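Read the structure below first, then the notes.
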């Protein structure tokens with residue numbers, strides 16, 4: 001399951017070629033810190049061209065990573081996962097912090113197992 005949704009303000013120049021290595025690092029964190037299976041990790045990037053931060057100053061920017069995963073991790077696992085995801089974003093976008101007044105954030109959303117429905121060919125779905 002784990003799904004990553006990276007949203008960022010349209011004034012940041014993120015190239016598609018930069019996303020694959022970034023997503024690989026983020027997926028590795030999900031495997032090592034949250035106990036996820038790599039083949040179940042999904043990531044997507046969404047550029048938000050229509051945004052407004054604070055007073056609307058064009059030198060403000062944001063990067064927000066939302067993690068959606070099934071419940072069942074300990075508070076320590078969630079804290080370590082969130083901290084490592086944030087550190088990866090800070091490392092990857094350190095130049096952004098120099099050029100913009102940027103906000104980088106990570107939000108973890110746990111989904112109750114009885115409220116998640118899926119179909120795929122990776123594994124048999126138990127009923």
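The values are calculated or read from the model by the stated rules, or taken from the named source; none is laboratory data. Computed from a prediction, not measured in an experiment: that's the story for all the values here. As a convention, Cβ positions derive from the backbone with ideal geometry for all residues, glycine included, and neighbour counts pool all protein chains shown.
Observations, loosely collected:
- Residue 87 meets each of the listed conditions (1) closer than 15 Å to residue 4 by Cα; (2) within 12 Å of the chain's Cα centre (by Cα) apart from (1).
- Failed item in (1) out of contact with any strand residue (DSSP E or B) (no Cβ under 6 Å at 6 or more places or on another chain); (2) at pLDDT below 95; (3) not in a loop (DSSP other than H, G, I, E, B), with residue 124 passing the rest: (3)
- Residues being without any contact (Cβ under 8 Å) to a residue 40 or more places away in the chain and surrounded by 11 or more Cβ atoms within 10 Å (Cβ to Cβ) - total across segment 1-17: 1
- Of all residues in segment 1-17, those that are in a helix (DSSP H, G or I) and under 15 Å from residue 104 (Cβ atoms) total 0.
- Which numbered condition residue 30 fails, given (1) out of contact with any strand residue (DSSP E or B) (no Cβ under 7 Å at 6 or more places or on another chain); (2) under 19 Å from residue 88 (Cβ atoms); (3) surrounded by fewer than 17 Cβ atoms within 10 Å (Cβ to Cβ); (4) at pLDDT 95 or above: (3)
- Residue in segment 33-69 that is modelled with the lowest pLDDT, counting only those that are surrounded by 15 or more Cβ atoms within 10 Å (Cβ to Cβ) and more than 16 Å from residue 105 (Cβ to Cβ): 40
- Screening the candidates 64, 50 for the property of being outside any strand (DSSP E or B) and free of Cβ contacts under 8 Å to residues at least 60 places away in the same chain yields one hit, 50.
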